[in-house]
Amino acid sequence: MIKNVVFDIDGTLIDTEKAYMNALLDVANDQRHLDFTYDQVVAIYGIPGIVGLKQLGFSDAEIPDVLSAWYQAFDKYKDSVTVFPGIINTLKELQKYDVEMGVVTSKTNDELAADFTPRGLTPFFRNIVTSSDTQKHKPDPEPLLKMIEISEIPADETLYVGDTIYDLQSAKGAGAQFGVAGWGAHNHGQFGDMDFYFSRPAEIIDVIR
């Protein structure tokens, strides 16, 4: 029985992919004269920015400046960020059931305030774990374990809904169930260990009923 429904943010609740990735391409290719493709940069979508930039080959010395420029470039695209269709209705419907709702995200507290809180979704969630709250981050299980600790709901009664392999690995490492947010995921067969595949948000309600 599921008692805690926990969501990732980017690619799950709100559609930020193109805004973040196009902003990163502006910084990497236009400002730094590199030659990244969209497919290369989207591979880091869903993990903390510092970790992702390291995976793309940026040095520790470069990362602070690249991060700063990336966030500035995001302003150019932020108006394209939207809440995924069906999310608000699904959250409202879940409130009718005996479940808690939470968020585990790779965003920092500042990023949460800047591009999630203004979307009006925060009041739906009792517990929120950001990358500012843990020393380790997805795909490590620590963020989900932190959620399990503060919610006081066991792992096997926790469902984490996310859109990347990092979300799945974090959930499984913590002993939680995992559902793919099919509306935001790039599914290339990497979700073999999933418990559920949701093609649209409303399907989550069917699992809770």
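The values are calculated or read from the model by the stated rules, or taken from the named source; none is laboratory data. No experiment lies behind these values; they were computed from the predicted model shown. Methodologically, a virtual Cβ is constructed for each residue, glycine included, from the backbone with ideal geometry; neighbour enumeration extends over all protein chains shown. Only protein heavy atoms, including side chains, enter the accessible area calculation; ligands, DNA and RNA are left aside. Shrake-Rupley method; radii C 1.70, N 1.55, O 1.52, S 1.80 Å.
Using 0.36 nm per residue of separation minus the Cα-Cα distance, give me the extension gain between F125 and K54 in nm, one decimal.
This chain segment gains 22.4 nm when fully extended.
Tell me what the chain gives for mean residue ellipticity at 222 nm when only DSSP H runs of n ≥ 4 count, each as -39,500 (n - 2.57), the sum divided by the residue total, rounded to 500 deg cm²/dmol.
Roughly -10000 deg cm²/dmol at 222 nm, from the helical runs in the chain.
Would you kindly state how much longer the chain becomes between K136 and H188 on full extension, computed as 0.36 nm times their sequence separation minus their alpha carbon distance, in nm to one decimal?
Contour length minus Cα-Cα distance gives 16.1 nm.
When Lys and Arg each count +1 and Asp and Glu each count -1, what net charge do the other residues less than 13 Å away from F191, Cβ to Cβ, add up to?
-3
Note down the relative contact order for the chain as a percent, whole number, built from C-alpha pairs under 8 angstrom at least six residues apart.
Across the chain, relative contact order equals 26 percent.
Karplus couplings for segment 46-55 from phi (6.51 cos²θ - 1.76 cosθ + 1.60, θ = phi - 60°), rounded to Hz, Gly and Pro as x?
These are the phi-based 3J(HN,Hα) values: x, 10, x, x, 4, 4, x, 5, 4, 5 Hz.
Could you tell me the ratio Rg/Rh of the chain? Both radii from Cα atoms, Rh via Kirkwood.
Rounded to two decimals, Rg over Rh is 0.96.
Can you pull the percent of the chain's accessible area that's carbon plus sulfur, 1.4 Å probe, other chains left in place?
On the chain, the fraction of accessible area on carbon and sulfur atoms equals 48 percent.
Starting from the amide H of V129, placed 1.01 Å from N in the peptide plane, find each other amide H under 5 Å away whose residue is 5 or more places distant or on another chain.
Those lying under 5 Å, H to H, from V129 are V103, V104, T105.
With a probe of 1.4 Å, find how much accessible area the chain has per residue, and write the answer as a whole number in Å².
47
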